[in-house]
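Novice: I'd like to ask you about the structure that follows.
The values are calculated or read from the model by the stated rules, or taken from the named source; none is laboratory data. Just so you know, these numbers come straight off a predicted model, no measurement behind them. Here Cβ is always computed from backbone atoms with ideal geometry, including for glycine, and neighbour counts include all displayed protein chains.
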Amino acid sequence: MINGTDLLELINYRQSDRAYLNTPIEKEKLERVLEAGRLAPSACNAQPWKFIVVDKQELKNKIADCTSSKVLGMNHFTKQAPVHLVIVEERANFTSNAGSVIKNKQFPLIDIGIAAEHICLQAAAEELGTCMIGWFDEPKVKKLLNIPKSKRVPLIITMGYPAKETREKHRKSTDKIISYNSY
């Protein structure tokens with residue numbers, strides 16, 4: 001069993017990597033990363049996701065083009081990543097959907113966020129870097145991957161061996177984000 005300090009070290013090690021080595025990811029490592037996503041908890045066990053692994057160079061580069069913005073100068077690193085993991089939002093089960101309506105919360109998106117972090121933490125444990133991308137041309141991605149128009153793609157995760165060292169994290173202090181028993 002992993003102890004609490006080991007997990008906290010892994011969480012501190014994990015970062016959004018924006019530079020990757022030109023090294024393929026071993027199949028066994030990729031399978032463990034995907035298994036971590038598959039095992040993620042979800043509201044009412046709905047598991048409202050499908051993971052599409054994009055690792056063919058030409059297709060991956062087309063997906064990378066969908067994430068880049070010349071106007072805003074963002075995400076130009078994505079072609080470096082040997083794998084793009086495209087997460088498709090699938091239909092949740094009846095109880096999760098009912099709960100989403102009754103409680104006015106989008107449980108499938110929460111669930112996908114949990115699965116994505118499971119993926120990123122397992123990748124970090126495998127010494128792989130990741131970056132979650134929410135800025136991309138969704139219609140083009142869907143067309144390239146034959147995803148039905150009725151589906152949503154909330155997230156793409158780039159993955160590969162990081163080209164840069166882990167950097168110091170800059171986070172808000174605990175007194176600004178944590179309180180006990182009251183806001």
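Novice: Do you know which residues across region 95-111 are in contact (Cβ under 8 Å) with a residue 24 or more places away in the chain and out of contact with any Pro (no Cβ under 9 Å at 6 or more places or on another chain)?
Specialist: Passing the criteria: THR95, GLY99, ILE110.
Novice: If you don't mind, another one. What are the pairs, 6+ residues apart or on separate chains, where a residue within region 147-171 that is among the polar types (S, T, N, Q) has its Cβ under 7 Å from a residue that is assigned to a strand (DSSP E or B) and modelled with pLDDT of 95 or more?
Specialist: THR158/HIS84; THR158/THR130; THR158/CYS131; THR158/ILE133
Novice: Shifting gears a bit: Starting from region 61-90, keep only residues that are within 18 Å of THR130 (Cβ to Cβ), then list their pairs with residues that are part of a loop (DSSP other than H, G, I, E, B) and basic (Lys, Arg) whose Cβ atoms are within a distance under 6 Å, requiring at least 6 positions of separation or different chains.
Specialist: What qualifies is PHE77/ARG18; VAL88/LYS151.
Novice: Condition check: closer than 23 Å to LYS151 by Cα and under 17 Å from the mean Cα position of the chain (by Cα). Does ILE112 satisfy that? Before you say what the answer is, go through the steps one by one.
Specialist: Working: closer than 23 Å to LYS151 by Cα: yes; under 17 Å from the mean Cα position of the chain (by Cα): yes.
When the stated conditions are applied, ILE112 passes them.
Novice: Which residues, taken from region 37-59, are in a helix (DSSP H, G or I) and either touching a Pro at 6+ places or on another chain (Cβ under 7 Å) or surrounded by 20 or more Cβ atoms within 10 Å (Cβ to Cβ) (or both)? Step through it out loud before you land on a result.
Specialist: Here is the first cut: in region 37-59, the ones in a helix (DSSP H, G or I) are 37-38, 43-45, 57-59.
Residues satisfying the conditions are GLY37, ALA43.
Novice: I would also like to ask the following. In region 1-33, what residues are assigned to a helix (DSSP H, G or I) and hydroxyl-bearing (Ser, Thr, Tyr)? Write out each step before concluding.
Specialist: In the first step, residues of region 1-33 are kept if they are assigned to a helix (DSSP H, G or I); the result is 4-13, 27-33.
Selection gives THR5, TYR13.
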